[in-house]
1. If you go through region A:115-164, how many residues are outside any strand (DSSP E or B) and at pLDDT below 95?
2. Can you go through A:781, A:790 and tell me which one is more than 16 Å from RNA strand B (Cβ to nearest atom), within 25 Å of residue A:702 (Cα to Cα) and of a type in the set (A, V, I, L, M, F, W, C)?
3. Taking the criterion of being within 13 Å of RNA strand B (Cβ to nearest atom), of a type outside the set (Lys, Arg), closer than 30 Å to residue A:210 by Cα and out of contact with any helix residue (DSSP H, G or I) (no Cβ under 8 Å at 6 or more places or on another chain), would at least one residue in region A:717-740 satisfy it?
4. Within region A:317-326, does at least one residue satisfy the condition of being at pLDDT below 90, buried (at least 16 other Cβ atoms within 10 Å of the Cβ), within 16 Å of RNA strand B (Cβ to nearest atom) and closer than 22 Å to residue A:269 by Cβ?
5. Please report, ordered by residue number, the strands (runs of 3 or more DSSP E) entirely within region A:386-474 with at least 1 residues that are of a type in the set (D, E, K, R).
6. Residue A:335 is checked against (1) of a type in the set (Val, Ile, Thr); (2) modelled with pLDDT of 85 or more; (3) over 34 Å from the mean Cα position of the chain (by Cα) and fails just one. What number does that condition carry?
Amino acid sequence: MARYAPGETEKKWQSAWNEAGTFLASADPAKEKYYVLEMFPYPSGRIHMGHVRNYTLGDVVARTKKARGFSVLHPIGWDAFGMPAENAAMASGGHPKDWTYKNIEDMKRQLKPLGFSWDWTREFATCDPDYYGQQQAMFIDMLDKGLIYRKNAVVNWDPVDMTVLANEQVIDGKGWRSGAAVERKELTQWFFKISEMAGDLLDSLDDLEGWPEKVRLMQANWIGKSQGLEFGFETLNAPKGFERIDCYTTRPDTLMGAGFVGISPDHPLAKALEAQDPDMAAFLAQCRKGGTTEEAIETAEKLGRDTGIRVKHPLNPDWELPVWVANFILMDYGTGAIFGCSAHDQRDFEFATKYDLPIIPVFEPIEGSEGLSAAYSPLKSETVRYIRGFAGAQVQTGEDGVAAAIAACEDKGFGTGVTKFRLRDWGLSRQRYWGCPIPVVHCADCGVVPESKDNLPIRLPDDVSFDVPGNPLDRHPTWRNCSCPKCGAQALRETDTMDTFVDSSWYYSRFTCAGADTPTTDETRYWMNVDQYIGGIEHAILHLLYSRFFARAMNDTGHLPDTAREPFNALFTQGMVTHAIYKTTGTDGRAVYHYPEDVDQREDGAFLKSDGSKVDVIPSAKMSKSKNNVVDPMNIIQEFGADTARWFVLSDSPPERDVEWTAAGAEAASKFLARVWRIANDIAEGADGDAKADQDLLKATHKAIDEITKSIDSFAFNKALAKLYEQANTLQKTKASNAARREAMKLTAQLMAPMVPHIGEDIWALMGGDGFVVDAPWPVVDPAMLVEDVVTLPIQINGKRRAEISVPKDMPKEEIEKLVLAQDNVLRALDGGQPKKLIVVPGRIVNVVI
RNA sequence: GCGGGCAUGGCGGAAUGGUAGACGCAAGGGACUUAAACUCCCUCGAACUUAGUUCGUGCGGGUUCGACUCCCGCUGCCCGCACCA
């Protein structure tokens, strides 16, 4: 018998599929279509196990749907713009373009041997001028439609390198290269009006039934709809133009507990004071230190400064409140001003305690009372007793209190109930080279003018250098020069490029018509929506929310049909592939990471092979190049073949959960495939058996078809594989006739083929199957084969299993009861008495309560 | 800090509120072999008075005839936090 040799046969089948055009998608109107898409990769140059897992999941879906008769679209491309290409150019010379396209070629060479059923004719990279030119065309349409505008926004500014930093380039508040303390600086930037669609993006989540509940919940919280009161505080001694400070609160019921008014360091009033008060300017400078992330702002020490300005309490003109600047108030949310109710908000409480501001309780618990060591902030749904309420009942829920307060304030004419969202507009400007140029020009006479579509694509210039920090487009000698599309005068190009999230917000629709001279075409109507989208949970909010917005914006500008406003019908979020990290501390105090092969694992810990020093082991960490804990799938493929790698990433762990890479697992997968190969060859060699066992084998096989089909449909691939292990055991042990074994093996090959397609083809051919197994229709379950005549019923006594009986499937309840009460263990437990209760769940279980 | 998720043998995991540990890995024992590898067979949650009994699904409560599963409160870890992709 020939040994299973994946190295040869895998290549053979891949060429055969390729020649037959097996995976070319065609918009066949006679067939139902199915569009399966995995999140496209960033071309880092090396594939990793996370890729193998992601694409294997999608491949199983694509191949199964094909077998079920769908016209399948399963494309792949490259998310090719972004910072790493520029970083590489800075670190080792070269050009981001060359680096990127070379990486794409390298990764393709690594991915092709895995045998994924992609239609490579639709491949593109987002850095292809053909792709980003169409993106520029849509930008112009969206600008025209009022979906894009400019405003000031803060960025991380490195004062030494004189450049904008990404959040990940800010480490502990310092620039990653210069080490300088990062400042928050305002720049004029381009924005998508995503907040205008906040309500729709929120409400539509309810209809996304194919999405995980957790993702919908995360997006809902991110959008953050709130009902509250917007009202003004009348100021007493503020600079001109600030006679009123507008405030937004979601807890107007606590207005009588106001201890102070707080404004953001970026509030216009704070800026006005900054100009005239050096102390205030110094304080604001301190507030602006550090990065721009919400995390950095929320975890920073709470800082405040009294402005000296006083306001009148709207419910009592004699009551004056101080106005403070506080570093934890965000200008982007609400109006950038709040009133502090220190008794019922933990953050305000800490602030008031620190700066000795009043803490005035508004309500208290129905029973007992809270001490003053913390704010009392129960859920709004909880009923409380108001002691300083001004609207509604004395005892009511927070919700009712808020509603009554809004109504009362509207009555008194000093505020309005409003709905607000936490979601901010999407800033798309990047002060970087390697991105899609924003197609607008700045004209001295006409102002900001969109480029003419005839001039698209606006290409990135190739002659740039990265030896100095900053945006090479800014300092390019000629690229900026252009003529105004409106008046023809000399003008300057915009040098900001687009956020790479824009690129990934519509690539799914470009796959439907890659290469077309408009962003989308009629074929887009056939293929959209994506029926199954698969990718990492880390994209739960930003990428997926931006894509949902962009599909709406494309629809509003005529680039997608109304039915594609929600682009992804179903979403599956896979877990990460993890591996232990081995870490020591270097002489400079920084962490040093070691490759697994450089570490000795012993009973008393882990040690470096080189010098024997103790290594810290961090288990189950995300695989990341910088942590040296990446397992290269190419080694597995070379040693065991693609099917083994595919089988391994599908086995054991459920796909939504993180999976820890282990070398032993890959070996086990390889052994299993070799075993199935041997069983198939045994059958092919024709040893006959006993036809009496045929029925049992076919029954087991149909049960496997049923369970595996259901498991694949519910993304429980680990369970499908467990069933295939059982089926292999059954096939190995059965004494059935050769004809029956051949039939069962053929069906098993079909069931395995979506996961391990190469060995699937091999066995299919060996069993005399027609054509490719990849083209064979999915096996159909014979329901008659699933029927069991006798069922085993466990008997519980007080909820603990104590015995079991076998009964015919349809035995009436009364007879089961009789049998149970005559059972030895039950008689012993009853000790002559009667059961309190006898619960019979037909076909399931019996519980005797004594 | 805020939002979301996860937690079951030595390990990965299985279990419409109904026999906890399917299936696999590792380990141990045996067969085959001159020997080894491969392969095949058996055992495998813990404790005890071992044909049995008791305990056992991160911790503490609760609902139920019955809870890994539902509810409340914790702990630990993971993801995201708007310029990483």
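The values are calculated or read from the model by the stated rules, or taken from the named source; none is laboratory data. This one's a predicted model, so the numbers in the text were calculated from it and none came from an experiment. A quick note on method: Cβ atoms are made from the backbone with ideal geometry, for glycine too, and the neighbour counts reach across all protein chains shown.
1. Of the residues in region A:115-164, 4 are outside any strand (DSSP E or B) and at pLDDT below 95.
2. Going through A:781, A:790 in turn, the sole match is A:781.
3. Checking region A:717-740: at least one residue is within 13 Å of RNA strand B (Cβ to nearest atom), of a type outside the set (Lys, Arg), closer than 30 Å to residue A:210 by Cα and out of contact with any helix residue (DSSP H, G or I) (no Cβ under 8 Å at 6 or more places or on another chain).
4. no
5. A:415-421
6. For residue A:335, the failing item is (3).
Here's the yes/no breakdown for (1) surrounded by fewer than 20 Cβ atoms within 10 Å (Cβ to Cβ); (2) modelled with pLDDT of 90 or more; (3) closer than 30 Å to residue A:507 by Cα; (4) within 16 Å of RNA strand B (Cβ to nearest atom):
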{"position": "A:376", "(1), (2), (3), (4)": "yes, no, no, yes"}
{"position": "A:387", "(1), (2), (3), (4)": "yes, no, no, no"}
{"position": "A:391", "(1), (2), (3), (4)": "no, no, no, no"}
{"position": "A:398", "(1), (2), (3), (4)": "no, no, no, yes"}
{"position": "A:405", "(1), (2), (3), (4)": "no, yes, no, no"}
{"position": "A:417", "(1), (2), (3), (4)": "yes, yes, no, no"}
{"position": "A:422", "(1), (2), (3), (4)": "yes, yes, yes, yes"}
{"position": "A:428", "(1), (2), (3), (4)": "no, yes, yes, yes"}
{"position": "A:439", "(1), (2), (3), (4)": "no, yes, yes, no"}
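Rundown of residues vs (1) surrounded by fewer than 20 Cβ atoms within 10 Å (Cβ to Cβ); (2) more than 15 Å from RNA strand B (Cβ to nearest atom); (3) assigned to a loop (DSSP other than H, G, I, E, B), yes/no style:
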| residue | (1), (2), (3) |
| --- | --- |
| A:515 | yes, yes, yes |
| A:520 | no, yes, yes |
| A:545 | no, no, no |
| A:548 | no, no, no |
